[in-house]
1. So Arg289 passes all but one of these: (1) modelled with pLDDT of 90 or more; (2) under 18 Å from Glu228 (Cβ atoms); (3) under 22 Å from the mean Cα position of the chain (by Cα). Which condition number does it fail?
2. I need a count of the residues in the range 55-75 that are exposed (fewer than 12 other Cβ atoms within 10 Å of the Cβ) and in contact (Cβ under 8 Å) with a residue 24 or more places away in the chain.
3. Which one of Asp229, Asp200 is free of Cβ contacts under 8 Å to residues at least 12 places away in the same chain, acidic (Asp, Glu) and not in a loop (DSSP other than H, G, I, E, B)?
4. Scan the range 4-28 for residues that are of a type in the set (A, V, I, L, M) and within 20 Å of Thr291 (Cβ to Cβ) and jot them down.
5. May I ask you to list pairs of residues, at least six apart or on different chains, whose Cβ atoms are under 8 Å apart, with the first in the range 260-278 being assigned by TED's automatic domain parsing to the domain that holds Val309 and the second being crowded, with 24+ Cβ neighbours inside 10 Å and of a type in the set (Ser, Thr, Tyr)?
6. So, Phe182, is that one surrounded by fewer than 20 Cβ atoms within 10 Å (Cβ to Cβ), modelled with pLDDT of 90 or more and among the aromatic types (Phe, Trp, Tyr) or not?
7. Scan the range 4-23 for residues that are of a type in the set (Val, Ile, Thr) and either at pLDDT 95 or above or in contact with a strand residue (DSSP E or B) (Cβ under 6 Å, 6 or more places away or on another chain) (or both) and report the count.
8. Check whether at least one residue in the range 263-271 is over 24 Å from the mean Cα position of the chain (by Cα) and within 15 Å of Val309 (Cα to Cα), and report yes or no.
Amino acid sequence: MMKGVILAAGHGSRLLPFTSYRPKHLLPVAGKPILHRSMEYLRDILKIDDVVIVVGHQRNIIMDYFKDGEELGMNISYVVQHMSQAHGLAAAVNLVEHDVSNDFVLLLGDNLFQADLSKCVDLHFSNNASATIHIEENEFPQRYGVVELDDDDNVVSLEEKPVNPKSNFVITGFYVFSPAIFKMIKGLKPSTRGEYELTDAIQRLVVNGYSVKAARIDGWRLDIGYPEDLISVNRLYLNDTTHRILGDVKDSTIIPPVYISKNCKITSSTIGPYVMIENGVTINSCEIRDTVILENSEIDHTLMANSIVGTQSKVIGIKSNSLKVGDYSIITNEIY
């Protein structure tokens, strides 16, 4: 049986202020935290139930949420990446060397996938590869790890955030590795960013004659790095999940799909489509669409769209419903 490794040690600074009091990996997506959805993906799609999570910033919140994984029918263990330790994805992966003895799946904890990545695992074993990486085409490859391929989808070279990319193919947040990756990490030097780059370790596999394959698989993938990504990923999941109303709704119009959590009170409002509301939210006389509302907020006499409302915020008389497509607003009382 393969193990899964999830990297979830980051600070989520690009998602402030919403990561002031919780790790970004526990921000909500259609009623469940991002990392919860990643765990379900490993269990249900890849049939992996033994997982190591690399934690760091706000690690106790993640560990308290998942505990040993019993509630998910999984076995979860943790490895801590301290701030004083080396930085970068390769440094994080190196921490799990003693926790995995065979080929393993690596998933970045802020990425969510709709693609069937079991095909990536099958490709890895059918080619007896040392590494298999999921890739996609991107119009701004210089922002990512860029992959150069031959005609048989063998990886020829990799480069992290190059100024002059050799292709439009970029690495996503999903990998399959043999234990050979640990040998390659040990010889790394920090990049110009001061980090130990996982792309450099995979490049060392290529240079040393190991088989490195690339997998192109249909289906969306979203890296949740910025506030607008949280709105986008909720829209995607709300399209694919059951419309749910768990709170108390009176004299209101609900336009699906929405997710309204328990202990919410909604009166005289129009909610939806594409609204995700966490626990304990009170809404009165509002029109809200395409919005994520975090727990215990109060919203009154407000028109809102393409927005994120922070935890315990009080919103009265705001009109943000005229935003253009692609724009978004942040409404919060959180301090950071």
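The values are calculated or read from the model by the stated rules, or taken from the named source; none is laboratory data. Worth saying up front: this structure is predicted, and the values here are computed from it rather than measured. Because the Cβ atoms are built from the backbone with ideal geometry, glycine has one as well, and the counts that use them run over all protein chains shown.
1. For Arg289, the exception is condition (3).
2. The qualifying residues number 1.
3. On inspection, the qualifying residue turns out to be Asp229.
4. First pass over the range 4-28, keeping only residues of a type in the set (A, V, I, L, M): 5-9, 15-16, 26-27.
Passing the criteria: Leu15, Leu16, Leu26, Leu27.
5. Final answer for the pair search is Tyr274/Thr291; Val275/Tyr259; Val275/Thr291; Met276/Tyr259; Met276/Thr291; Ile277/Tyr259.
6. Working: surrounded by fewer than 20 Cβ atoms within 10 Å (Cβ to Cβ): yes; modelled with pLDDT of 90 or more: yes; among the aromatic types (Phe, Trp, Tyr): yes.
When the stated conditions are applied, Phe182 passes them.
7. In the first step, residues of the range 4-23 are kept if they are of a type in the set (Val, Ile, Thr); the result is 5-6, 19.
Adding the requirement that they be either at pLDDT 95 or above or in contact with a strand residue (DSSP E or B) (Cβ under 6 Å, 6 or more places away or on another chain) (or both) leaves 5-6.
The qualifying residues number 2.
8. Within the range 263-271, the first condition is being over 24 Å from the mean Cα position of the chain (by Cα), and the residues that meet it are 263-271.
Next cut, within 15 Å of Val309 (Cα to Cα) only: 264, 271.
The answer is yes, given that some residue of the range 263-271 is over 24 Å from the mean Cα position of the chain (by Cα) and within 15 Å of Val309 (Cα to Cα).
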